[in-house]
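Trainee: Below are the structure tokens for one structure; questions will follow.
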Amino acid sequence: MVIVTNSAAKPETLDAWLPYIEALHPKSIAMGLDRVRNVANRLELNPSFPIITIAGTNGKGSTCAMLEAIYMQSGYRVGCYTSPHLVRYNERVRISQKQISDEDLCKAFAAVEHARDDVALTYFEMGTLAAVWHFVKSALDVAILEVGMGGRLDAVNVFEPSCSIITSIDLDHVEYLGDTREKIGFEKAGIYRTNKLAICGDENPPKSLTDYTEKIGANLQLINRDFEVKKTMQGWQYSTLNFSLSLPALALHGDFQLNNAACAIRATQHLEDILPVPEANIGAALMTVTLMGRFYQIQENPTIIVDVAHNPQAAKSLVHNLQTTPCAGRTLAVFAMLADKDIDGVVCELVPHISAWYLADIHNVRGAKAQDLRSKISELSKLAATSTFKNVTSALQAACKDAAKNDRIVVFGSFYTVADAIAGLNFS
């Protein structure tokens, strides 16, 4: 295939590539598959390995990590593509749980750049194509691809899955996906395929999702109908009509993680003929899975917990984790969010559980101002103790200074918030 390339000099380092690909498209988000499919065809990206595609409002990253661990434990060469990253872009592309090197990432970007010619790809589209190009070159046994946003028009949806998982459905990205669960459910259901397994871990799936699977003839498997979970004294139990598996407790916090784990197990069962997984490996793998930014403790004295919760559903999960792991003292919040998120919904969930708020600006064009966050919190709680800061690092430093021996600090509101906290502590 002869491809006409751009004549301008291209970046040679990762630090140069990232701002370059960010500037390729005038919009940071541009829904649609035509551009990505066009370039994927030019690259002749036809993966021969099975692909598991994962979408959902919350729980995508956890489910990806669980599947990755299960297949690793069983000796397979696993590719995993997730987003966003917290510290380094390389976190997004992993093989056998190892992050892609700067050199290989630059090669992948160069390959996509060579193929795209005059097609304007977004940052995420470039990254998705680069990840799959690298996977195709790496002789994988299986790839796990996390949808960036929605599903139907997301770049990941260009690639044909062997099975697809939707973890949960709630209001987020409403300006792109719709302002009801029915509309969002339809967009996410777009990752399902005719005659392919369509797993859903949402306990109350929208009718739009079930109607869509019926229309296209997908094999829909619903939690609490086709498979279920139950907590036990020793851990938990996964079961289907003809199968039951007792498992040890998960390393990840929160009962909702059991639903994510169940979705992962159901996918491995479906692919058993081509990727056999010994039952003992499932529990052994899931016991090891932790995920930075998912109620993750990064420091003691004072205790600092980071959580990327940025929508009401995730905020409810954060509250549950705070309640089930109480501390003897106060809970202090370092909080920053993007202005286009449901700030009121998140704050409403957390206000009763926070003793003092340390509110910060995010240095992002979409970031909410700390003063605006203070106003929203004051509307919900006149007595809430609030203070504002120019950035997350200074907010966290102030919280650490104020924290007593038995207090804890929870940093949440956005991936950007957690990333800034980690950077401020020089923790990775």
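The values are calculated or read from the model by the stated rules, or taken from the named source; none is laboratory data. The structure presented is a predicted model; accordingly, all values stated were derived computationally and were not measured. Cβ: placed from backbone, ideal geometry, glycine included. Neighbour counts: every protein chain shown.
Trainee: Have a look at Glu68, Glu44, Glu103, Glu91 and point out the one that is of a type in the set (D, E, K, R) and within 13 Å of the chain's Cα centre (by Cα). Give the steps one after another, and end with the answer.
Mentor: Numbers: Glu68 fails: within 13 Å of the chain's Cα centre (by Cα); Glu44 fails: within 13 Å of the chain's Cα centre (by Cα); Glu103 fails: within 13 Å of the chain's Cα centre (by Cα).
Testing whether each residue is of a type in the set (D, E, K, R) and within 13 Å of the chain's Cα centre (by Cα) leaves just Glu91.
Trainee: Within region 228-235, is there a residue that is in a loop (DSSP other than H, G, I, E, B), within 24 Å of Pro161 (Cα to Cα) and touching a strand residue (DSSP E or B) at 6+ places or on another chain (Cβ under 7 Å)?
Mentor: Within region 228-235, the subset in a loop (DSSP other than H, G, I, E, B) is 232-234.
With within 24 Å of Pro161 (Cα to Cα) added as a condition, the list becomes none.
So far as region 228-235 goes, no, none of its residues is in a loop (DSSP other than H, G, I, E, B), within 24 Å of Pro161 (Cα to Cα) and touching a strand residue (DSSP E or B) at 6+ places or on another chain (Cβ under 7 Å).
Trainee: Right, something else. Enumerate the strands (runs of 3 or more DSSP E) found wholly within region 346-428, keeping only those where 1 or more residues are modelled with pLDDT under 95.
Mentor: Fully inside region 346-428 and qualifying: 385-389.
Trainee: Among what's in region 149-182 and is surrounded by fewer than 19 Cβ atoms within 10 Å (Cβ to Cβ) and over 18 Å from the mean Cα position of the chain (by Cα), pick the residue that is farthest from Gly201 (Cα to Cα).
Mentor: So the residue we want is Glu175.
Trainee: How many residues does region 193-223 contain that are surrounded by 18 or more Cβ atoms within 10 Å (Cβ to Cβ), over 22 Å from the mean Cα position of the chain (by Cα) and of a type outside the set (D, E, K, R)?
Mentor: Result for region 193-223: 5.
Trainee: Further question: Could you grab the pairs with beta carbons closer than 7 Å, sequence gap of 6+ or different chains, first residue in region 244-259 and assigned by TED's automatic domain parsing to the domain that holds Ile70, second one acidic (Asp, Glu) and part of a helix (DSSP H, G or I)?
Mentor: What qualifies is Leu245/Glu279.
Trainee: Next up: Being aliphatic (A, V, I, L, M) and either farther than 14 Å from Leu318 by Cβ or over 20 Å from the mean Cα position of the chain (by Cα) (or both) is the filter here; which residues of region 407-425 pass it? Don't jump to the end; show me each part of the working.
Mentor: First pass over region 407-425, keeping only residues aliphatic (A, V, I, L, M): 409-411, 418-419, 421-423, 425.
Selection gives Ile409, Ala419, Ala421, Ile422, Ala423, Leu425.
Trainee: Filter region 260-282 for residues that are outside any loop (DSSP other than H, G, I, E, B) and either free of Cβ contacts under 8 Å to residues at least 40 places away in the same chain or hydrophobic (A, V, I, L, M, F, W, C) (or both) and give the result.
Mentor: If the condition is that a residue be outside any loop (DSSP other than H, G, I, E, B) and either free of Cβ contacts under 8 Å to residues at least 40 places away in the same chain or hydrophobic (A, V, I, L, M, F, W, C) (or both), then Ala261, Ala262, Cys263, Ala264, Ile265, Ala267, Gln269, Glu279, Ala280, Ile282 are the ones that fit.
Trainee: Sticking with this structure for a sec: Give the number of residues within region 187-204 that are more than 16 Å from Ile223 (Cα to Cα) and β-branched (Val, Ile, Thr).
Mentor: Qualifying residue count, region 187-204: 2.
Trainee: Still on this structure: Considering only residues that are touching a strand residue (DSSP E or B) at 6+ places or on another chain (Cβ under 8 Å), within 28 Å of His310 (Cβ to Cβ) and outside any helix (DSSP H, G or I), which ones fall in region 32-81?
Mentor: Ile51, Ile52, Thr53, Ile54, Ala55, Gly56, Val78, Gly79, Cys80, Tyr81, listed by residue number.
Trainee: Checking Thr194 against (1) in contact with a strand residue (DSSP E or B) (Cβ under 9 Å, 6 or more places away or on another chain); (2) farther than 20 Å from Gly61 by Cβ; (3) among the β-branched types (Val, Ile, Thr), only one condition comes out false. Which one?
Mentor: The number of the failed condition is (1).
Trainee: Something else: Just for region 88-139: of the residues that are more than 30 Å from Gln73 (Cβ to Cβ) and aliphatic (A, V, I, L, M), which one is surrounded by the fewest Cβ atoms within 10 Å (Cβ to Cβ)?
Mentor: Ala120
Trainee: Still on this structure, I have one more. So, Leu252, is that one in contact with a Lys or Arg (Cβ under 7 Å, 6 or more places away or on another chain), assigned to a loop (DSSP other than H, G, I, E, B), surrounded by 14 or more Cβ atoms within 10 Å (Cβ to Cβ) and not acidic (Asp, Glu) or not?
Mentor: yes
Trainee: Let me ask something else. Only one of (1) surrounded by 22 or more Cβ atoms within 10 Å (Cβ to Cβ); (2) touching a strand residue (DSSP E or B) at 6+ places or on another chain (Cβ under 7 Å) is not met by Leu425, so which one is it?
Mentor: Just one mismatch for Leu425, condition (1).
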